Every structure is written in structure tokens, then in C-alpha cells.
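Note sheet for the following structure.
The values are calculated or read from the model by the stated rules, or taken from the named source; none is laboratory data. Just so you know, these numbers come straight off a predicted model, no measurement behind them. Don't worry about glycine lacking a Cβ; one is built from the backbone with ideal geometry, like all the others, and counts go over all protein chains shown. Only protein heavy atoms, including side chains, enter the accessible area calculation; ligands, DNA and RNA are left aside. Shrake-Rupley method; radii C 1.70, N 1.55, O 1.52, S 1.80 Å.
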Amino acid sequence: MMNKQGRPTNTGDAGDTGSAARIETATGHYGLDHNEPLIFEQGVPGRSGVDLPEIPDAPSRLGGLARADQIGLPDLTEPDVMRHYVRLSRKNYAIDMGLFPLGSCTMKHNPRLNEKMARQPGFFDVHPLQPESTIQGALAVMDELTHWLTTLTGMPAVALSPKAGAHGEFCGMMAIRAAHEAAGEGATRTRVLVPESAHGTNPATAAQLGLKVDSIPATEEGRVDLEAFRAKLGPDVAGIMLTNPNTCGLFERDIRAIADAIHDVGGYFYCDGANFNAIVGRVRPGDLGVDAMHINLHKTFSTPHGGGGPGAGPVVLSEALAPFAPHPWVVGDKDGLHLVEHDGDQGDDAPAFGRLTAFHGQMGMYSRALTYMKSHGTDGLRQVAEDSVLSANYVLARLKDHMSAPFEGPCMHEALFDDRFLEGTGVTTLDFAKAMIDEGFHPMTMYFPLVVHGAMLIEPTETESKQSLDIFCDSLLALAEGAKGNDKERFTAAPHFAPTGRLDETLAARKPNLRWSVAQKPLEAAE
Ligand SMILES: *Cc1c(COP(=O)(O)O)cnc(C)c1O
């Protein structure tokens, strides 16, 4: 069964998946990859990694609040714990292991110089409640990062504190709503226009703010349908949320006309800047009429992401929205740099809408991103954009006659394919992506954007060499040939070589088993 995007709704019977094709080993391990039980299953009562003195008898001062049961942590030695986490880490795929073609995510190399700078004690050990006089260096990093971000985007202000792209969207849309409220139009401007190819966070952000999402169709060539967009304009429109380059990897050529039209009806232009990598140093969003745009420091500016760690999504703001930026921000005077944290601080009486985070944002990301900017310089950043677009077009050119591309012509920093080349093979986009795991690659983004059937979105980034792009393309060409040559089993049962075979993803998402409980513990099995 397929849904409208060509995604299988039933991933098949777990019985005839990858694991059936393997030989059984006595240990359950495959080569040097260990089958790793949960840490709770490995604990043995009484085992310990430390030698603590007996607790002397002393009257309890807990007033009857002492725990009656064991805390339930596993008892393990230090080597048990070390091995557990090192084995788990070997199951992770990472940008430091190989090419990571996940479209929209900009999985680029994080230069080690970034790490060295972020670990300077003055940045690494700084506490958010330290007196201002002791954090002048950290404030200078924030101040200089502000300068780079506003200069690169051609926008006058930036709110640094949002902690991810989605959080930045929330911040930008809060500023837009605050501006409408200040103009007495908060209650009437309730509709947000969002292209149907948008990243899911865009409509989610608007909905979270209680705004109504009105979706704009795309043209045959993958861009906003200008006429359909114009027909939706009206006095109840709060703004548009548009990604540029868009999620089909294409530059929105009508972007100036879109900006003018939204401004003409009193709305604001929110730009999703997650794809800034394609245009950094070449195009200034401020020149395109953008009012607010988040920048994923963890994409364009190479700070690490992908493991659920901290990101950073600063939002640049136009002159009209700058007064509504959330606290804090950095100002300087003859005594040094200061954080403006409250209305009225530093003579500021702008109607900021408050704060988005408890403290000042992700210091580690600020220092990494600024290191990246300064080590590349403005010419280097421009080359980042040019090389990322070149890499994607190289992949597109090598694969488009063997796979199938939904749109004519060159792309920006991502190459998009659909599943027409798999028609009649019995192989789906999902099967194809799983077979890439056997080839040693993390799959590309699948089934996104939703406007393309069975989409495969590949973003190679500028940090891959031609050699690594060639190995990647050769492997996809071999897979495409295999799929067309009736080698169906290679795909439908993939991954064959991963620690875990094909999962029932629907069941895993709908009924996740996330908690270990004592009752569940098969003690014998762990021993
Ligand atoms: C990554 C991304 C986002 C969300 O950014 P997060 O930092 O993951 O919250 C939004 N829009 C697009 C187009 C993206 O690629």
C-alpha cells in the first residue's frame, strides 16, 4: 500500500526481512559489531566500579522522606560501562565517518578549529550568571557574531538566543505577531500563507501561535505559484513563510514580487533560512525584502548537529521588526559590553516580547560559528555557497539520466529525484534508501518535499571531495541498475548488513517501547 507521496504504508512482514538472510553467530555479534543489550540488562547485583567506605551509622535528617526501594540503577564495573557506550557509539553513523547526504540538513564537516576555540576556558567554562565584568570575551563573541550575521544577511538586527531553526521560526513569527498587535491588528491578522513544499516546522510554528495556515500550491516547475499566491492576499494575512532556496532545491525567482505583494497588504515576509548555505556571501536576504529569517548555525555555519545536541537558530530582523526582538542583546559603551535583559535597561523602552530562553542561548555554537566565519573570511563563505551548489549539480548531472529528476534545469545546493525510475520494479524509495545503508551511506532525505512523489533529496555539501562524490554516485548508479535489473530482494530485504534489519517503522512510531522495567528483565538472557 502506498500513500499519496508514494511512501509504503506497510513496510512488510518482519518475518522476511534482512535478518533472515544472515547466518546465525553463536554470540549474536556480527563481526566486530556487537549485539548490545540495554545497560540495565547487563547489570549484576552487587557489582561496582568504585570502592566506597561503609556509610557510618548516623541519624537520618530526611524526616521520613528516605527512599524505601532501591533506585533501580544497574550495577556495573567501569569497563562494563565504557564498553557499553563505546559499542553503542559504533552503531552511530556520523559526518566524521562518511558522506551524509541528508537533504535540507546541510550535514557538512565541522572544522576541528571550531572545537578548539569553543573549548577555550573563557567560553567553555563560563556561567550564565557570572558578573558582566568577567564575561567580556564571551559578550564580544556575541557582539561580533551579530555583526557577521547582520552583514551577511543585510538585515539590521538579530535575536541570537533561539536554540534551533524551529525555535527561530517561533521567535520570528512572535515578532511579526507583536508588530501587528502594536499596530492594533493582532486580532484581525490571523492567516499565514505557507507553500505546500514547506518544511513541516513552518505550518507547525504558525499553528502553535494560533494562526491559520493557508497553503499555496507549487507550479509544475517546483516554485511558488505567483498567481495562486496573489489570489490569497487580503487584510487578514499576517505574513508568508517562504523557504529560499526552496525545499525542491530551487531558487524562488519571483521572490521580490512576493515580498512586494505581501508588504502591499500589510503583511510580513518570514523567510526560512535553513538553506542559506546555497546563497551565503552571494545574496543578502535583506535585499530581497525579507523581514525575519532564522539561520541554522548548525547547518550553514558548520556547528555540529544530528545527535540531538544543541543547535542555534538566530533570527535576523528587518528595521520594522527589530523593535520587537526578544531579550537579551549586547550593547557597548565606554565601560565595555553589556547585556540588555529587561525593558528599560540601557535606556531601552522598546516593547520586546520578553525572552525565549532562560539565559543567553548556546555559547558553544556562537564560538564555533564565529570561528568558522572568521577562518573562511567573506570570500571563503561565498565559495562555500558556490561549491555547495557545484557539488549538488555534479550529483544531479551524474545521476539524472539513470534515476529521475522531477524538475528541469540546474539546482541550488540540493539535488532532488523522484521515484519514476523505480516504476514497475517493485522497489520503493524506502527500499532504495535502505539499500544505501548496505553500501555504507546514510540515506538521503526521503519522501520530502511532499510535493514530489517518492522524493529523494540529496545535499552533498561543499565539504565532499570529487572522489567521495564519485564513490557515492557510482554506488547509486549501481543500485539504480540493480533495481531495474530485477534484483528486488537486494532492496526489499535491505539493510542486510546493518546491526538491525528492516523494522516496522509504523509500529515503532505508534507504539514505541521506551521504558525498561524490572518486570521485563530476562535476567538469564543477560548472563
Ligand atoms: C532544518 C530545517 C528547519 C528546522 O531547523 P531545526 O534546527 O532542525 O529546528 C526548518 N526548515 C528547513 C527547510 C530545514 O531544513
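Cross-link partners of Lys116 among lysines, defined as those whose alpha carbon lies under 16 angstrom from its own and excluding same-chain residues fewer than eight positions apart: Lys374. Converting the Cα gyration tensor eigenvalues of region 156-306 into ellipsoid dimensions via √(5λ) gives semi-axes, longest first, of 22, 19, 14 Å.
Just the number, please: carbon plus sulfur as a percent of the accessible area of region 202-315, 1.4 Å probe, no ligands or DNA/RNA counted. On region 202-315, the fraction of accessible area on carbon and sulfur atoms equals 48 percent.
Spin-label pair Lys400-Val265: with each label point 7 Å from Cα along the Cα-Cβ axis, the two points sit 3.4 nm from one another. Ligands, DNA and RNA left out, the 1.4 Å accessible surface of region 404-527 is 54% carbon and sulfur atoms. Using the Karplus relation 6.51 cos²θ - 1.76 cosθ + 1.60 with θ = phi - 60°, the per-residue 3J(HN,Hα) values for region 100-105 come to 10, x, 4, x, 6, 9 Hz, with x marking Gly and Pro.
Among Asp125, Asp57, the sequence by solvent-accessible area, most first, with a 1.4 Å probe is Asp57, Asp125. Its Cα gyration tensor gives region 126-230 an equivalent ellipsoid; the semi-axes, largest first and in whole Å, are 34, 18, 13. Here Trp329 sits with roughly 70 square angstrom of accessible surface, probe radius 1.4 Å. Peptide packing: for 275-281, 315-321, the average count of neighbouring Cβ atoms within 10 Å per residue gives the ranking 275-281, 315-321, highest mean first.
Sorting the segments 113-119, 292-298 by their residues' average number of neighbouring beta-carbon atoms within 10 angstrom, most packed first, yields 292-298, 113-119.
Leaving ligands, DNA and RNA out of it, work out the accessible area of His442 with a 1.4 Å probe and give it in Å² to the nearest 10. Counting only protein heavy atoms, the figure is 50 Å². Annotation: Thr506 carries an accessible surface of approximately 60 Å², with a 1.4 Å probe and no ligand, DNA or RNA atoms counted.
Which of the residue pairs Lys434/Lys488; Lys163/Lys299; Lys4/Lys212; Lys108/Lys466; Lys400/Lys484 have a Cα-Cα distance greater than 18 Å in the structure shown? Violating the 18 Å Cα-Cα cut-off are Lys4/Lys212. Just so you know, the Cα atoms of the chain work out to an Rg and Dmax of 26.1, 81 Å. Highest mean first, the peptides 455-461, 181-187, 322-328 sorted by other C-beta atoms within 10 Å per residue fall in the order 455-461, 322-328, 181-187.
For the pair Asp75 and Thr219 in one chain, pulling the backbone fully straight at 0.36 nm per residue adds 45.8 nm over the alpha carbon distance. What is the local net charge at Ala228, summed over the other residues whose Cβ is closer than 15 Å to its Cβ (Lys, Arg +1; Asp, Glu -1)? Computed value for this residue: -4.
Applying 1/(1 + (r/R0)^6) with R0 = 51 Å to the Cβ-Cβ distance of Lys334 and Val86 gives a FRET efficiency near 0.45. For Ala164, neighbours were defined as the other residues whose beta-carbon sits under 13 Å from its Cβ, and their charges (Lys and Arg +1, Asp and Glu -1) total 0. Once the 1.4 Å probe is applied to the protein heavy atoms, the chain comes out at 50 Å² accessible per residue.
Comparing region 422-470 with the 2.2 N^0.38 Å rule of thumb, its C-alpha radius of gyration ratio is 1.28 (two decimals).
The per residue volume of the convex hull around the alpha-carbon atoms of region 387-527 is 154 Å³. Electrostatic tally near His453: other residues with Cβ closer than 12 Å to its Cβ, Lys and Arg +1, Asp and Glu -1, net 0. Normalised by the number of residues in the chain, the average gap of Cα pairs under 8 Å and 6 or more apart makes the relative contact order 21 percent. Once a ≥ b ≥ c are taken as the square roots of the eigenvalues of the Cα gyration tensor of region 229-322, is the result rounded (a/c under 1.5), prolate (a/b larger than b/c) or oblate (a/b not larger than b/c)? Because a/c hits 1.5 or more and a/b exceeds b/c, region 229-322 counts as prolate. From largest to smallest, the equivalent ellipsoid semi-axes obtained for region 1-153 from the alpha-carbon gyration tensor read 39, 38, 18 Å.
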